[in-house]
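Scroll down for the structure; my scribbles are underneath it.
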Amino acid sequence: MNKWTRRAFIGAGTVAGGGFLLGVAGFTFAPSRHSLVSADAAERGQLTTWITITPDNFVTILIPHCEMGQGTPTALAMMAAEELEADWSLVRVQEAPALDEYANGYIIRAMGGGYVPAVLGRGVDYGAYKLTEWIGLMVTGGSTAVRGTGEWGMRVAGGAAKEMLLAAAAQQWGVPASECAAKGSRVTHAASGRGSTFGELARSAATQSVPTSPALKDPGTFTIRRTSVPRRDLPSKVDGSAKYAIDFTTPGMLYAAVEIAPVQGGKLVSVDTTPAESMPGVKKVVKLDEAVAVVADSFWRARRALAALKPEFSDAGHGDVSTASIFAAFDKALGAPPEVPKGAAKVVTADYRAPFLAHATMEPMVCTVKVEGDHAEVWTGVQDPLNARSVAAKALGIDVENVRLTNFLLGGGFGRRLPFTFDYVDLAARVAKAVSPTAVKTIWTRENDTRHDYYRPAAMSRHAGALDANGVPLAAHSNYTGGGNSEAVFMPYAIAEKDTDEKKADHPIRLGQWRSVLNSQHGFFKESFIDEMAIAAGKDPFEFRRGLLGEQPRFKAALEKAAAMSGWGTPLPPGEGRGIAICESFGSIAAEVVHVAVSPEGKLKVLNVYAAVDCGDVVNIDSATAQVEGGIIYALSAALLSEINIAQGRIVETNFRDYPMIHIADAPKVTTAFIRSDAALGGLGEPPVPPLAPALANAIHAATGIRVRELPIRKTPLKL
């Protein structure tokens, strides 16, 4: 997928000439921000368009979301092209520039799904757009792009554009628009045999009024959606021509390596800069409040010179913080197990722990900044270019309108490049300011990245459940600490008494949004505990769950599908087991069955993962499948191997050698099925993550009788 800079976009808008441009969102309650855009509108900052049709009959769709491996831009373009009735081979996809006009306008609809009444939809979109424009939010995250911008924006944009093309053709041919039809980037009139391409009609279409409520297609007539068209971002990634922020260069640029205070909140106390300043290629040593940076003519020289320094940092009073002290505080905050009904035939109690986790993106944080007077250019990879632009402006003390940001493909995000985590942009801007006007690329090493992340919160949960004499659950209560929300702690099961209570225990470790946010910890907690209750009741874990889902047909259907896919109930060899779990997150329901083998020596092999996902509908089947597979592999690494520890206030882990990921040879076979339902579109980037860890732990119990209550699983001996 090609990338846009503001300058390139203005240029393209100017030369589009004979094309017309159409955008959708909420300056008004109509679906279009601009029904017509003159050639000089771009220079006036009025281009908020998403769809461009040029005389060569190509449709260019601008996507106000970034590409970080998830395939969202292709999916969004498919949704617009479907309603437009475009020939997919004549569709181009480009990321929208980092301008206020592309602020998210559908984020509330995405989060609310079908819960936002239709009559309030436009008002909600308008309010959301004005809010996100005001705060500068153009975010890709929370599994919101397809179910928000796609469903409520791109479809309407495509439908409106089609109706404008039909109106233009009808006017030109002197026939009713109702007698014209669009298909394959052409408009035809069957009675007269006339036909024109979209490109031939584009100029005239631009003079038509913009429909406020275009008719959208019946899903039963989709020809582009629900297929597996190749993603537009893949060819350049395969042939190596794709450009990431780490690839960016500009003539004369310098490079910076940084050392940041190892304890969160620490400050630079002192540093003797002379050892570095005398080394070849070094241009400047920059002292910052919380770090020291060496700027040189190559990154290697910058790193080498940085290693010669011995900076001293304060510890902000957190030098005695450790993993043990944090979990001790968690344990104290949780207190006694929750009370359950007296007289129960059986009471089940259990504690579960989940560690801090890093995002570990394949591409570490990197940002290039060039400062010239009161203007700046920024080249980086972020999940919210508008917010990053504001961070750079604030760091430089200049007007945000004087900052131009180019966003690149992201070498992984998972939440690390979301708003309020742009420390690498802030730091890079301050380094570049010190050597202005030369551009400086500040590259974080893997060690910088691992030790200065915004971590997934560590969490702990204390459960108590009660069963009657027939194994029927009477209660399932939990106290938890480390963070939670109503979605994460929700249990769909029909249990008479269910309650959760958050207990607070503070610590200084900085936290951020990690893939699936708080659902990954609580998915492990609650689906492990319901499994323990099933075992205590003497019942099959699948049947136990299914029996409690009478009022939850979507959950029940997904659970049954995953079980059927896995051959649940069929005999397995000794040492093998299946585990099941089901979670709802980001509007989707994912049920997973994990099949494992554990050797007598305790060596674990994950053989298969079966996933049944109800996300309402699927736009691109192949891309959606890849999302599920990617989520499962990401979750599997975390469940088996990953943890961030703290000692003396410092992060212990440094790199992939002590923060490992599973290798291809250890990856299981993943089988995915989608369940089409009447539910609003749900997310896919995150929902496959939460059920994996509990399904895996439950499978290990089925295979060995050993119950895993702490992640990562490698900490629990599995020797039979």
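The values are calculated or read from the model by the stated rules, or taken from the named source; none is laboratory data. Computed from a prediction, not measured in an experiment: that's the story for all the values here. Counting neighbours? That spans all protein chains shown, and the Cβs are built from the backbone with ideal geometry, glycine included. Note: accessible area is taken over every heavy atom of the protein model, side chains too, but ligands, DNA and RNA are not part of it. Shrake-Rupley method; radii C 1.70, N 1.55, O 1.52, S 1.80 Å.
General observations
- Counting only whole DSSP H helices of the chain, the ones at least 24 Å long by C-alpha along their axis and with mean Kyte-Doolittle hydropathy no lower than -1.0 are 155-173, 519-536, 621-640.
- Residues of the stretch 468-510 with an amide N closer than 19 Å to a point placed 7 Å from the Cα of S325 along the Cα-to-Cβ direction: 482, 504-510.
- Taking a quarter of the surface of the Cα convex hull of the stretch 187-282 gives a mean projected area of 17.0 nm².
- Cα centroid separation - the stretch 473-515 against the stretch 50-91, whole Å: 40 Å
- Simple label model, 7 Å out from Cα along Cβ direction - L720 to K342, nm: 4.5 nm
- K503/E401 FRET efficiency (R0 41 Å; Cβ-Cβ; nearest 0.05): 0.35
- Taking packing as the residue-averaged number of other Cβ atoms within 10 angstrom, the listed peptides 164-174, 665-675 run from highest to lowest as 164-174, 665-675.
- Cross-link partners of K237 among lysines (Cα-Cα below 26 Å; sequence separation of 8 or more within a chain): K3, K441, K669
- Modelled label reach - D540, point 7 Å along Cα→Cβ, the stretch 573-590 residues with backbone N closer than 20 Å: 573-583
- Translational diffusion coefficient (Stokes-Einstein; Kirkwood radius from C-alpha pairs) of the chain at 4 °C, 1.567 mPa s, in µm²/s: 47 µm²/s
- For the chain, accessible area per residue (1.4 Å probe, heavy atoms of protein chains only), Å²: 38 Å²
- Computed from backbone phi with θ = phi - 60° and the Karplus coefficients 6.51, -1.76 and 1.60, the 3J(HN,Hα) list for the stretch 509-515 is 5, 7, 10, x, 8, 10, 3 Hz; x is used for glycine and proline.
- Computed accessible area, T227, all protein chains, 1.4 angstrom probe, square angstrom: 40 Å²
- Largest first, the extents of the alpha carbon coordinates of the stretch 228-330 on the three principal axes equal 54, 48, 18 Å.
- A242 long-range amide H proximity, modeled H, under 5 Å: K237
- Cross-link partners of K603 among lysines, defined as those whose alpha carbon lies under 16 angstrom from its own and excluding same-chain residues fewer than eight positions apart: K715, K719.
- Percent carbon-and-sulfur accessible area, the chain, ignoring ligands, DNA and RNA, probe 1.4 Å: 54 percent
- Length added when fully stretched, K287-I135, from 0.36 nm per residue minus Cα-Cα: 51.7 nm
- Translational diffusion of the stretch 430-555, µm² s⁻¹ [Kirkwood Rh, Cα pairs; Stokes-Einstein; 10 °C; 1.306 mPa s]: 90 µm²/s
- Average projection area in nm² (convex hull over Cα atoms of the stretch 662-710, one quarter of hull surface): 5.4 nm²
- Debye equation applied to the C-alpha atoms of the stretch 612-706, log10 I(q)/I(0) at 0.18, 0.22 Å⁻¹: -0.92, -1.12
- Stretchable slack from Y126 to E551, in nm (0.36 nm times residue separation minus alpha-carbon distance): 149.5 nm
- Separation between Cα centres of the stretch 160-227 and the stretch 664-693, rounded to whole Å: 37 Å
- Gyration tensor (Cα) of the stretch 108-171, equivalent ellipsoid semi-axes in angstrom: 26, 13, 12
- Entry for the stretch 77-230 at q = 0.11, 0.18, 0.21 Å⁻¹: log10 I(q)/I(0) = -0.49, -1.14, -1.33, Debye formula applied to identical alpha-carbon scatterers, no solvent contribution.
- For the stretch 355-362, Karplus couplings with θ = phi - 60° (6.51, -1.76, 1.60), whole Hz, Gly/Pro x: x, 4, 9, 8, 7, 6, 5, 5
- Antiparallel content of DSSP bridges confined to the chain, in %, to 5: 75 percent
- Cα-based Rg / Dmax (Å) for the stretch 283-403: 23.9, 76
- With R₀ fixed at 45 Å, the C-beta to C-beta distance from S270 to E487 puts the FRET efficiency at about 0.45.
- Cα Rg over Rh - the stretch 544-658, Kirkwood: 1.05
- When peptides 412-424, 645-657 are ranked by their average number of other Cβ atoms within 10 Å per residue, the highest-first order is 412-424, 645-657.
- Ignoring lysines fewer than eight residues from K346 along the same chain, the ones with Cα atoms less than 16 angstrom from its Cα are K539.
- Length released on extending from S241 to S228, taking residue separation times 0.36 nm less the Cα-Cα span: 2.4 nm
- Protection-proxy order for peptides 355-367, 252-264, 183-195, 692-704, each taking the mean of Cβ atoms within 10 Å per residue, highest first: 692-704, 355-367, 252-264, 183-195
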